[in-house]
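*Asks:* Attaching a single structure in structure tokens format; questions to follow.
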Amino acid sequence: MLYANLPKPKPRRYSIPNEIMILGLSAGALAVYNYLLYVEDRKTYQCYPSYKTIGKALKIKSKGTVAKYVRELEDKCLIYTEPTEVILKDGKKRNGNLKYTIRPIQDAIEHYHYEQMKNVNEVAARAKAQKMLDDYNRKHPKATA
């Protein structure tokens, strides 16, 4: 047995917060979030995978589709992205991979509740406006004819 004395690699364990399930993520965005959690640096909460790397790991063929899922995660306040630059040997600057920062789940939950309250307020405002319009039309029937 050649490999008997080699140390076994430690499994990378991470958990996905239970609250993630209430945010209404698409299956693809959930998969990308899961992958980012898997590759993040546990101390800085950051990672730098390219769209191509994420797509290859998740069997998503299009970089555009990966980008769509990343935007969804940003919109839900689960991640923050920043562009990076790479300086080539000849001194030219090029765009690097995005730097992903995993945000605390509480930021996403607060954003979710804020959006829910905003929607409730908009529905209430529309209902109030419709009631006012109905009252006006009842008092001024000739104006609607």
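Readers should treat all values here as calculations from the given coordinates under stated rules, not as data from a laboratory. Remember, predicted model here, so these are calculated numbers, not experimental data. We place every Cβ from the backbone using ideal geometry, glycine too, and count neighbours over all the protein chains shown.
*Asks:* Give the lysines whose C-alpha is closer than 17 Å to that of residue 118, dropping any in the same chain fewer than 8 places away, or say none.
*Replies:* Answer for residue 118, where 17 Å is the Cα cut-off: 76, 128, listed by chain and number.
*Asks:* Sort 19, 74, 82 so that the residue with the fewest other Cβ atoms within 10 Å of its own Cβ comes first and the one with the most comes last.
*Replies:* On the way: 19 12, 74 15, 82 9.
In order of increasing Cβ crowding within 10 Å: 82, 19, 74.
*Asks:* Could you tell me whether the stretch 53-139 comes out rounded, prolate or oblate from its Cα gyration tensor? Rule is a ≥ b ≥ c as square roots of the eigenvalues, rounded for a/c under 1.5, then prolate if a/b exceeds b/c, otherwise oblate.
*Replies:* In terms of gyration-tensor shape, prolate.
*Asks:* Give 43/99; 68/93; 59/99; 63/99; 56/93 a once-over and call out the pairs whose C-alpha atoms are over 18 Å from each other.
*Replies:* Numbers: 43/99 15 Å; 68/93 26 Å; 59/99 21 Å; 63/99 16 Å; 56/93 26 Å.
Flagged as over cut-off: 68/93; 59/99; 56/93.
*Asks:* Here's something else I'd like to know. Let me have the relative contact order for the chain, percent, based on Cα pairs under 8 Å that are six or more residues apart. Mind showing how you got there, number by number?
*Replies:* Values: 126 pairs, mean separation 30.4, N = 145.
Reported as a whole number, the value is 21 percent.
*Asks:* So if I take the alpha carbon set of the chain, get Rg, then get Rh from the Kirkwood formula, what is the Rg over Rh ratio?
*Replies:* Value, to two decimals: 1.26.
*Asks:* Give me the extension gain from residue 85 to residue 122: residue separation times 0.36 nm, minus the current Cα-Cα distance, reported in nm with one decimal. List each step's numbers first, then the result.
*Replies:* Numbers: separation 37, 0.36 × 37 = 13.32 nm, distance 4.18 nm.
The span from residue 85 to residue 122 would gain 9.1 nm if fully extended.
*Asks:* Label the stretch 50-93 by shape, choosing from rounded, prolate and oblate, from the square roots a ≥ b ≥ c of the eigenvalues of the Cα gyration tensor; if a/c is under 1.5 it is rounded, and otherwise prolate applies when a/b is larger than b/c, oblate when it is not.
*Replies:* Numbers: a/c = 3.33, a/b = 1.53, b/c = 2.18.
Judged from the Cα gyration tensor, the stretch 50-93 comes out oblate (a/c at least 1.5, b/c at or above a/b).
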